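The values are calculated or read from the model by the stated rules, or taken from the named source; none is laboratory data. Just so we're clear, the structure is a prediction, and the values are computed from it rather than from any experiment. No Cβ is skipped: glycine too gets one built from the backbone with ideal geometry, and neighbour counts run over all protein chains shown.
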């Protein structure tokens, strides 16, 4: 069984459901509360690569902070990554990561593909 890191916000129902689903499948993930321990630019870039998504696809674009920072779906990748570093609330949640891949837990069942 791979080692799983869960980028977790305990106030988020999807994040709690993903944690529960992992535990039901015999996985006790390493929990990283990314709002309390923000990700670096390098860590975000690694997650983007593992997820195989663009920065905008890893963001919560409906958060007020997205508009407050003057961001749009047309913002360049550097600006979007910088915004995720400075405002971790903008990172989509939850994200489960193993050494070779990652998955966004929306829906939570998406993370099960990492366990195969």
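Can we say residue 24 is touching a helix residue (DSSP H, G or I) at 6+ places or on another chain (Cβ under 8 Å) and exposed (fewer than 15 other Cβ atoms within 10 Å of the Cβ)?
no
What are the pairs, 6+ residues apart or on separate chains, where a residue within the stretch 16-29 that is at positive phi and at pLDDT 95 or above has its Cβ under 9 Å from a residue that is surrounded by fewer than 18 Cβ atoms within 10 Å (Cβ to Cβ) and in a helix (DSSP H, G or I)?
Here the result reads 26/115, each pair linking the stretch 16-29 to a residue that is surrounded by fewer than 18 Cβ atoms within 10 Å (Cβ to Cβ) and in a helix (DSSP H, G or I).
Here's a check for you: in the stretch 34-51, which residue that is free of Cβ contacts under 8 Å to residues at least 40 places away in the same chain and in a helix (DSSP H, G or I) is surrounded by the fewest Cβ atoms within 10 Å (Cβ to Cβ)? First the steps, then the outcome.
Taking the stretch 34-51 as the starting set, the residues that turn out to be free of Cβ contacts under 8 Å to residues at least 40 places away in the same chain are 36-37, 42-43, 45-46, 48-49.
Going one step further and asking which of them are in a helix (DSSP H, G or I), we end up with 42-43, 45-46, 48-49.
Values: 42: 9, 43: 16, 45: 14, 46: 14, 48: 19, 49: 11.
The selected residue is 42.
Which residue, of 81, 104, 91, 95, is farther than 22 Å from residue 30 by Cβ and surrounded by 15 or more Cβ atoms within 10 Å (Cβ to Cβ)?
Values: 104 fails: farther than 22 Å from residue 30 by Cβ; 91 fails: farther than 22 Å from residue 30 by Cβ; 95 fails: farther than 22 Å from residue 30 by Cβ.
Unique residue meeting the criteria: 81.
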